[in-house]
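So the structure is just underneath, and the comments pick up after that.
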Amino acid sequence: ALFAAAMSSIDSGINSIAAVVTTDFYQGDRNHPDDDGRRMAIARWTTLLTGLAITGVAYLIAVVIAADPSNRNIIDLSIKVFNLFLGPLSAIFMVGIFFPWVGSRAIITSTLLGVAAAIGLGFWDDLFGTEIGLVGPSALLVTPLSTVGTIALGAAFGWIFPRPDPEQIVGHTWWTRDKIVEPDD
C-alpha cells in the first residue's frame, strides 16, 4: 500500500510535468502545427526523461547515504533534497510577477544556476568536505539563499537576454495588472 501511494504521487507529478511541457512550451510556441500525434510524442518523451531524472536523483541520494550512513537519516536528507528546488521555483514566480523585462531564456538560465547553487549549498559538506575549515550552511538556509540568488540572476539576465513581447505580459505582472481590457458583451 505504501509503495502504491508513493508511485501514485510520483506518477501524478510526472504527468503534470509532461502536461506543462506539452501545453506551455510546445503548444505555446505558435510556430508548431496543431498535431495531436506530435504533442503525444512530446508528452511521452517528457515522461520518459522525467522518470529517468527522478530515478537518477534517487540513485544519487542512495549513493550519498551509502557514502556516510552514520550521520544521515531520511528526514535530514529529504529536507535537503526538497529545498534544492523550492527556492528556484519560488524565484520563477517572483521574477514573473515583479520583473516584466525578464524573458524565458533569462529565467531558465537563472533557474538552472539557482538549482546548481542549491545543490552546492545543500550538499556542501559532501561535495567539498570540511577539511578546509569551511562548513556549509544549514539545510534550512538553502531555500532563501537559492531564491535570492535566482531572483538576482534572473533580473540581471533579463537585461542581457531578449525581452518578452510587451503585449504578451499585459495582465500577468504586477506593473501591468490594471491594463487588462475586458471585452464588451
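The values are calculated or read from the model by the stated rules, or taken from the named source; none is laboratory data. This is a predicted model, so every value here is computed, not measured. Heads up, the Cβs are rebuilt from the backbone with ideal geometry, glycines too, and the neighbour counts pull from every protein chain shown. Calculation scope for accessible area: heavy atoms of the full protein, side chains included, ligands and nucleic acids excluded. Shrake-Rupley method; radii C 1.70, N 1.55, O 1.52, S 1.80 Å.
Overview of values
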{"item": "Residue list for segment 8-29, filter: surrounded by 14 or more Cβ atoms within 10 Å (Cβ to Cβ) and part of a loop (DSSP other than H, G, I, E, B)", "result": "GLN27"}
{"item": "Selection status of LEU113, open to solvent by 90 Å² or more (accessible area, probe 1.4 Å) and within 24 Å of ILE54 (Cα to Cα)", "result": "no"}
{"item": "ARG177 being part of a helix (DSSP H, G or I), at pLDDT below 90, farther than 30 Å from GLY56 by Cβ and out of contact with any Lys or Arg (no Cβ under 6 Å at 6 or more places or on another chain)", "result": "yes"}
{"item": "Filter result (under 16 Å from VAL95 (Cα atoms) and open to solvent by 30 Å² or more (accessible area, probe 1.4 Å)) within segment 122-148", "result": "PRO144, LEU145, VAL148"}
{"item": "Whichever residue in segment 157-170 is within 8 Å of ALA106 (Cβ to Cβ) and assigned to a helix (DSSP H, G or I) and, among such residues, is most open to solvent (accessible area, probe 1.4 Å)", "result": "ILE160"}
